[in-house]
Every structure is written in structure tokens, then in C-alpha cells.
Amino acid sequence: MNILFAASEAAPYVKTGGLGDVAGALPRALKDRGIEVSIVIPLHEAIPGELKEKFSFVTSFFVNLAWRKQYCGVFKIVHQGVNYYFLDNEYYFKRGESLYGCFDDAERYSFFSLSVLEMINQLEKPVDIIHCNDWQTAMIPVYLKLKLHGRDKLRDIRTLFTIHNIEYQGVFGRDIMEDVLGISINEFNNGFMEHNRAVNFMKSAIHCADKITTVSPTYAMEIQTPEHGFGLDGVLRYESGKLTGIINGIDTSAYNPTKDKHLFNTYSAQTIENKKKNKRKLIKLLNLQQAETSPLIAMVTRLAAHKGLDIMAAAIDELLAEDVMLAILGTGEWKYEQFLRDKQKQYPCKMSVTIAFNDDLARKLYGGADMLLMPSLSEPCGLAQMIALKYGTVPIVRETGGLKDTVVPYNKYTGQGNGFGFGGYNACDMLHVVREALALYKDNKVWEKLVLTGMNSDFSWSYSAKEYVKQYGALIPAKV
């Protein structure tokens with residue numbers, strides 16, 4: 001079986017968020033399971049020059065996009081046994097650091113989608129399945145379904161479309177149909193590509209793809225509801241027979257407290273006492289004045305309402321009235337940044353706020369904090385809670401999306417669980433559960449067992465890869 005993983009970004013070459021991590025890690029895990037897999041992304045200007053120097057030129061061709069005839073060059077590198085392909089067109093992808101948000105994103109990523117299909121036609125080895133990711137690659141199954149690529153060689157290819165975040169759907173005006181996409185306006189008028197009187201890339205892919213996945217089982221259920229579906233819940237309920245939720249993993253070689261160079265002291269489940277050394281040095285770094293015995297709660301997050309900052313703001317004074325320290329790292333909406341700065345001035349001994357994107361400090365927080373707070377309104381999968389568990393930092397989460405699927409609330413009667421969870425999206429429910437965690441923290445023996453349970457959890461990509469292989473096998477059973 002030969003899989004082509006199509007995405008708009010992929011680590012270690014270029015990434016803006018979780019999609020880049022997934023595109024960098026999942027194909028390697030698939031390869032480890034014996035699947036032949038390659039990755040294709042645009043040759044963004046944002047890819048560092050020292051990495052581009054290592055790419056080799058493969059071929060070039062022209063792509064017919066509506067009335068345009070555009071050049072596409074193909075470059076390649078083999079990284080950790082996986083083929084990475086980069087599609088080059090400076091008009092579309094020489095945009096500095098801008099991967100998204102350009103005025104012509106519909107045209108840029110429609111070009112990319114058609115270029116992927118043409119590249120497959122140029123490759124010697126046939127592709128069985130194209131694994132598409134988010135709206136930027138949504139036109140691939142559409143062009144295949146409508147047979148607008150003009151290549152009989154592609155007729156047997158199957159497509160799997162993964163929704164990483166349904167909030168971002170690729171919505172554009174109807175005027176792009178024929179002039180940009182090269183697709184008859186009839187496909188808009190009949191409702192196939194239309195949603196709320198606009199062209200919707202994601203809706204189109206949901207209809208056209210042979211399989212649909214999303215990044216956690218709970219999120220797969222949530223996006224079929226009006227509360228979380230962002231207008232596409234009805235479409236997803238209609239196509240629910242081909243929808244599956246598969247939890248993401250984390251790169252356990254990159255996130256490993258036994259060898260993480262960002263930590264003050266490395267440690268493992270067998271040397272858990274060293275975690276306390278990290279806490280001691282972290283408190284000093286953050287200029288917190290509380291005793292080391294006071295629990296330290298961390299938040300590593302985007303400062304936005306859907307990350308729970310509104311209920312956090314409502315609860316912060318009551319929270320800081322407890323014997324606790326709070327360390328927050330992130331950037332986002334100005335109102336939350338300013339609110340947190342003001343609160344830090346009010347509680348200088350108990351609260352640290354760093355308005356920045358700082359991976360070094362994030363690692364130190366995972367390694368030195370006692371708890372990680374994630375009160376998200378919505379969270380398709382979430383990586384921070386899984387990283388925290390591997391670092392022995394107990395997560396306190398709202399039970400939504402992937403948070404619900406990865407954090408098992410502690411049961412005081414059975415001793416089972418790896419963290420704490422609350423269901424209602426309000427400050428009272430959050431405070432109640434935080435206080436439960438603070439109370440349990442005082443029992444050193446029970447707390448250490450809870451920490452070790454998290455550290456011994458398996459959040460590698462191996463499980464996810466196994467589940468994706470099942471989905472591929474359902475599309476082409478003879479090849480598994």
C-alpha cells in the first residue's frame with residue numbers, strides 16, 4: 001500500500017501549529033508499521049534556506065487551473081526514511097512567513113491540490129490513497145470526484161480527509177467557482193459546494209472523500225452537534241457512516257523528560273525526585289515567593305476565549321486565595337494579555353505571566369509544575385495534556401474533545417485515573433475540581449502514584465498509526 005500524505009505544512013520543515021506536528025510524526029509511525037508513505041507540502045518561502053539547500057530537483061510540469069497555466073516544480077528529500085515532496089511556485093508560495101491569510105488563498109491551495117494530482121501522474125510508483133488534511137487540501141478529493149484532472153491513471157485512487165479543526169473551513173465567495181477553481185457554477189447552485197451562500201472547501205471534501213477522520217473520538221461526536229459543528233454538523237451527520245475519530249499522538253522522542261535538554265534536571269519515573277529540583281529552580285526563575293511545598297499550576301496556552309480564559313478570569317481571585325502558585329505562558333487576545341499582566345501585579349508572589357511563544361519555558365513548565373490547567377471550551381485533540389502526563393504534571397481539564405479521551409478523572413474510591421476533569425463550562429465547576437486536586441496533592445503517596453500513572457501512559461503515534469492503517473484497509477482491503 002502506497003500512501004501520499006498531503007498537507008499545507010509539516011515538521012521539521014515548516015509548521016504553525018498542531019497540523020505540522022501531525023504531518024511530521026504520523027507518516028513516520030505509518031512507515032514503522034510497514035506502510036509505504038510520502039508527504040507532499042508547498043515549497044513555502046518560510047522553510048529555512050539551509051534546509052532547502054538539501055532538497056533535490058525531481059521534475060517540473062504545468063498545471064491548468066481554470067484559464068491559467070501555472071508552472072510547478074517538484075523537489076524531494078528523504079527524512080527519517082520518509083519521502084518529502086515540495087511543490088514549487090514562487091507566485092503562490094513565496095509569501096514570507098505567511099502560510100495562510102493571503103487574499104488569494106483559494107487560488108493558492110486549489111493550485112496545490114491540482115499539482116498534487118499531476119505530481120502523482122509523474123511518479124513511477126502508483127499511489128493508492130491520498131490522505132488529505134484540512135481545507136487547504138480539500139480540493140484534492142473534489143477534483144478527483146469531478147474528474148477534472150484529466151488523468152485516467154488517477155481513477156482508482158481513494159481519499160481520506162482528516163479534519164484537524166472544523167472552525168477553519170476554507171470559505172470563499174461564489175465568484176471563485178469558474179474563474180479560480182475551474183468548476184462549473186452548477187456544482188454551487190445544486191448545493192454540492194455551497195454552504196450559507198458561499199463556497200465551502202471543507203464541506204465539499206466531506207462529501208467527496210471516501211473516508212473522513214478527525215483527531216479524537218469525542219470530537220468526532222461533538223462536531224456532529226450544532227454547538228461544535230460550526231455549521232457543518234448537518235453535513236457530518238449525513239456523512240456519519242464514513243466518519244471516525246482517531247486520537248493524535250505526541251512525539252515521545254522529542255517530549256521525553258529523561259533527555260529533554262530544556263529541563264534543569266532530567267528525570268524518569270524511577271528518578272521522580274528530580275522533578276522537585278526542576279520545580280525549585282523554576283520557582284526561582286519565575287520570581288515566585290511561595291514555599292516550595294505550595295502546588296504550582298501551569299497554563300501553556302493560546303490566550304483566547306475558547307481556551308477557557310473567560311472562566312479562568314472569573315475564577316482567578318478565588319483560585320489565588322488558595323495555597324497555590326500560578327504560572328501562565330502564551331500569547332493571544334489583547335484583553336486577556338492585559339488582564340493577566342494586571343493580575344500579576346496584584347499577586348506578584350504567587351503568579352507569573354509570560355506573554356510570549358517560548359518553547360524553552362514551556363518545557364520547563366511541563367517539567368517543573370505540579371499541575372497543568374486546560375479549561376477549554378473546545379479542544380479537537382490537544383497535545384499539552386499528553387505532554388504534561390509524560391512529564392509527570394497532572395492535568396486538570398474540561399472534558400471536551402481529545403481532553404476527555406486522554407485524561408481519566410481520578411477516582412478516590414478505586415485509585416484509578418491520571419488527572420482531573422470537569423464537565424460544565426463555568427468557573428464554579430473548574431474551581432471545584434482544582435480544589436479537589438489541591439486537596440489530593442497533600443497526600444504525597446497518593447499523588448506520586450497519580451504522577452507515575454501519567455508518566456507510564458502511552459501517547460506515542462503507534463496507536464494512532466494502527467487505527468489509520470485500519471481505515472486505509474477499509475478503502476483498499478486487498479492491499480492490507
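The values are calculated or read from the model by the stated rules, or taken from the named source; none is laboratory data. Given the structure is predicted, the values throughout are model-derived calculations rather than measurements. Don't worry about glycine lacking a Cβ; one is built from the backbone with ideal geometry, like all the others, and counts go over all protein chains shown.
Does the range 396-414 contain at least one residue that is closer than 15 Å to PRO295 by Cα and touching a helix residue (DSSP H, G or I) at 6+ places or on another chain (Cβ under 8 Å)?
Looking through the range 396-414, at least one residue is closer than 15 Å to PRO295 by Cα and touching a helix residue (DSSP H, G or I) at 6+ places or on another chain (Cβ under 8 Å).
Do we have any residue at all in the range 330-338 that's farther than 27 Å from LEU452 by Cα and assigned to a loop (DSSP other than H, G, I, E, B)?
Yes: one or more hits.
Please work out if TYR84 is loosely packed, with under 15 Cβ neighbours inside 10 Å and either at pLDDT 95 or above or assigned to a loop (DSSP other than H, G, I, E, B) (or both).
no
Count, please, the residues in the range 259-291 that happen to be of a type in the set (Val, Ile, Thr), within 16 Å of ALA362 (Cα to Cα) and part of a loop (DSSP other than H, G, I, E, B).
1
Here is a check on your reading of the model: is LEU236 touching a Lys or Arg at 6+ places or on another chain (Cβ under 8 Å), modelled with pLDDT of 95 or more and assigned by TED's automatic domain parsing to the domain that holds VAL63?
Judged against the criteria, LEU236 is not a match.
Do we have any residue at all in the range 61-68 that's in a helix (DSSP H, G or I), over 25 Å from the mean Cα position of the chain (by Cα), at pLDDT 95 or above and not β-branched (Val, Ile, Thr)?
No, that holds for no residue.
May I ask you to list the residues in the range 382-410 that are part of a loop (DSSP other than H, G, I, E, B) and at pLDDT 95 or above?
Across the range 382-410, the qualifying residues are TYR391, GLY392, THR393, GLU399, THR400, VAL407, VAL408, TYR410.
Among the candidates LEU361, LEU340, LEU383, which residue alone is among the aliphatic types (A, V, I, L, M) and in contact (Cβ under 8 Å) with a residue 40 or more places away in the chain?
None of the others qualify; the one that does is LEU383.
If SER376 satisfies all but one of (1) more than 27 Å from PHE264 (Cβ to Cβ); (2) of a type in the set (Ser, Thr, Tyr); (3) surrounded by fewer than 21 Cβ atoms within 10 Å (Cβ to Cβ), what's the number of the condition it fails?
So the condition that SER376 fails would be (3).
Take the range 393-416 and flag every residue that is within 24 Å of the chain's Cα centre (by Cα) and at positive phi.
Within the range 393-416, just GLY401 meets the criteria.
Please go through the range 1-27 and pick out each residue that is modelled with pLDDT of 95 or more, within 19 Å of SER113 (Cα to Cα) and assigned to a loop (DSSP other than H, G, I, E, B).
Answer for the range 1-27, where residues must be modelled with pLDDT of 95 or more, within 19 Å of SER113 (Cα to Cα) and assigned to a loop (DSSP other than H, G, I, E, B): ALA7, SER8, GLU9.
Quickly run through the range 1-37 and pick out the residues that are touching a strand residue (DSSP E or B) at 6+ places or on another chain (Cβ under 7 Å) and basic (Lys, Arg).
Selection gives ARG28, LYS31.
Just checking, does the range 411-424 include any residue being at pLDDT below 95, surrounded by fewer than 22 Cβ atoms within 10 Å (Cβ to Cβ), β-branched (Val, Ile, Thr) and part of a loop (DSSP other than H, G, I, E, B)?
yes
If PHE192 meets every condition in (1) of a type in the set (Phe, Trp, Tyr); (2) over 18 Å from PHE111 (Cα atoms); (3) within 20 Å of the chain's Cα centre (by Cα) apart from one, which number is that one?
For PHE192, the failing item is (3).
Of all the residues that make up the range 281-299, how many are over 17 Å from MET430 (Cβ atoms) and either among the acidic types (Asp, Glu) or in contact (Cβ under 8 Å) with a residue 60 or more places away in the chain (or both)?
Summing the residues that are over 17 Å from MET430 (Cβ atoms) and either among the acidic types (Asp, Glu) or in contact (Cβ under 8 Å) with a residue 60 or more places away in the chain (or both) in the range 281-299 gives 11.
Restricting attention to the range 305-313, does a residue exist that is under 27 Å from ASP260 (Cα atoms), surrounded by 16 or more Cβ atoms within 10 Å (Cβ to Cβ) and hydrophobic (A, V, I, L, M, F, W, C)?
no
Hey, ASP156 hits all of (1) surrounded by 14 or more Cβ atoms within 10 Å (Cβ to Cβ); (2) not in a strand (DSSP E or B) but one; which does it fall short on?
(1)
Can you name the residue in the range 140-153 that is assigned to a helix (DSSP H, G or I) and touching a strand residue (DSSP E or B) at 6+ places or on another chain (Cβ under 9 Å) and is also surrounded by the fewest Cβ atoms within 10 Å (Cβ to Cβ) among such residues?
In this case the residue turns out to be LYS145.
Looking only at the range 89-129, count how many residues are of a type in the set (A, V, I, L, M), within 23 Å of the chain's Cα centre (by Cα) and either part of a helix (DSSP H, G or I) or under 15 Å from PRO141 (Cβ atoms) (or both).
3
Being of a type in the set (Asp, Glu) and free of Cβ contacts under 8 Å to residues at least 60 places away in the same chain is the filter here; which residues of the range 182-221 pass it?
GLU187, GLU194
Just to be sure, is ALA46 closer than 17 Å to PHE5 by Cβ and either within 26 Å of the chain's Cα centre (by Cα) or assigned to a strand (DSSP E or B) (or both)?
So ALA46 does not fit the description; no.
Please specify each residue of the range 436-480 satisfying the condition of being aliphatic (A, V, I, L, M), touching a residue at least 24 places away in the same chain (Cβ under 8 Å) and part of a helix (DSSP H, G or I).
Within the range 436-480, ALA437, LEU438, LEU440, VAL446, LEU450, VAL451, LEU452, MET455, ALA465, VAL469, ALA474, LEU475 qualify.
Residue by residue through the range 169-183, note down the ones that are in a loop (DSSP other than H, G, I, E, B) and either modelled with pLDDT under 95 or surrounded by 16 or more Cβ atoms within 10 Å (Cβ to Cβ) (or both).
GLN169, GLY170, GLY182, ILE183, listed by residue number.
Quick one: is VAL300 farther than 26 Å from HIS228 by Cα, in the same structural domain as PRO380 (by TED's automatic domain parsing) and either in contact with a helix residue (DSSP H, G or I) (Cβ under 7 Å, 6 or more places away or on another chain) or at pLDDT below 95 (or both)?
no
Within the range 450-480, can you find the residues that are surrounded by 13 or more Cβ atoms within 10 Å (Cβ to Cβ) and among the basic types (Lys, Arg)?
LYS466
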